[in-house]
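To keep things clear, I will list the structure first and then write my remarks on it.
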Amino acid sequence: MQPGHIILLGAPGVGKGTQAKVVAASTGLPHISTGDMLRASVAAGTEMGKRAKAVMESGALVDDELILGIVSERLSQDDAKNGVVFDGFPRTVVQAQGLDALVVERRGVGITHIFHIVLDDEEIVTRLAGRRVCEDCGAIYHVQYQPPRVDGRCDRCGGVLRQRKDDQPEVIRHRLTVYRTETAPLVAYYRSRPGYVEVDGSGDAAAVTNRILPFLR
Ligand code: AMP
């Protein structure tokens, strides 16, 4: 199936961001991370950023209307016309229904692949607590599993590596609870659709990529 809209589902920390970048590179489709878009708005101090900041730092979800607004706007851009790779969206059933409506509007470009990445909670907490992100280019590292060559600095651009505020242990626990109550129901929403695939998220990033890429060829 020719890739169109691709969804990466799964709890925070299962590797959606890392895999989304690879899937985007291999399909040529743009990578759309609602979390990255929101963090950019927070950094720029926009009205939307001000609304989202406290919610994000607490580990709760930003409201559906705002998210559907930014996604709809992003999908209207020229580079998204053949489809996109969603990372961290949809996160609620309301968002999934909103996406279905947007897809109907975009006749011809359907949801072709839904990769549900699965990993146990203990491993999720270890991954999130050790995650570090380059504040300049967004590259993702892990203090233990994927350390940078120079401590605290990005291999790619030399930027400073930071821990996200929502990767602190108390917030991680809350995010997992939010995932179970608000996002896990999406599995039932998508499971019976064509293109739904459950992917084992264990092992290193390359191992997970090797489980995903065959579905995109
Ligand atoms: P992420 O980078 O995907 O882990 O997102 C970081 C935070 O941004 C989340 O914990 C939410 O507060 C917010 N966020 C990102 N994407 C969404 C979404 N699709 N719906 C609601 N909130 C979101």
*Is it fair to say G88 is within 17 Å of the chain's Cα centre (by Cα), surrounded by 16 or more Cβ atoms within 10 Å (Cβ to Cβ) and over 30 Å from L216 (Cα atoms)?*
no
*asked:* For region 120-151, which positions are open to solvent by less than 30 Å² (accessible area, probe 1.4 Å) and either in contact (Cβ under 8 Å) with a residue 40 or more places away in the chain or in a loop (DSSP other than H, G, I, E, B) (or both)?
replied: I124, L128, G138, A139, P148
*asked:* Could you check region 1-39 and list, in sequence order, the residues that are small (G, A, S), more than 12 Å from the ligand (Cβ to nearest atom) and open to solvent by less than 20 Å² (accessible area, probe 1.4 Å)?
replied: G4, A24
*Number of the exception - D64 against (1) modelled with pLDDT under 95; (2) closer than 28 Å to V125 by Cα; (3) open to solvent by 10 Å² or more (accessible area, probe 1.4 Å)*: (1)
*Among the numbered conditions (1) out of contact with any Pro (no Cβ under 9 Å at 6 or more places or on another chain); (2) near the ligand (Cβ under 10 Å from one of its atoms), tell me where T92 comes up short.*
(1)
*Mind listing whichever residues of region 29-83 are in contact with a Ser or Thr (Cβ under 7 Å, 6 or more places away or on another chain) and over 29 Å from T112 (Cβ atoms)?*
M48, G49, A52
*Checking L102 against (1) within 11 Å of the ligand (Cβ to nearest atom); (2) free of Cβ contacts under 8 Å to residues at least 40 places away in the same chain; (3) open to solvent by 10 Å² or more (accessible area, probe 1.4 Å); (4) in contact with a helix residue (DSSP H, G or I) (Cβ under 8 Å, 6 or more places away or on another chain), which test does it fail?*
(1)
*Could you tell me which numbered condition G138 fails, if it satisfies all but one of (1) on the phi > 0 side of the Ramachandran plot; (2) at pLDDT 95 or above?*
(2)
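The values are calculated or read from the model by the stated rules, or taken from the named source; none is laboratory data. Quick caveat, the model's predicted, so the values are computed rather than measured. FYI the Cβ positions are ideal-geometry reconstructions off the backbone, even for glycines, and counts take in every protein chain you see. Quick note on the areas: whole protein, heavy atoms, side chains included, nothing else; ligands and nucleic acids left out. Shrake-Rupley method; radii C 1.70, N 1.55, O 1.52, S 1.80 Å.
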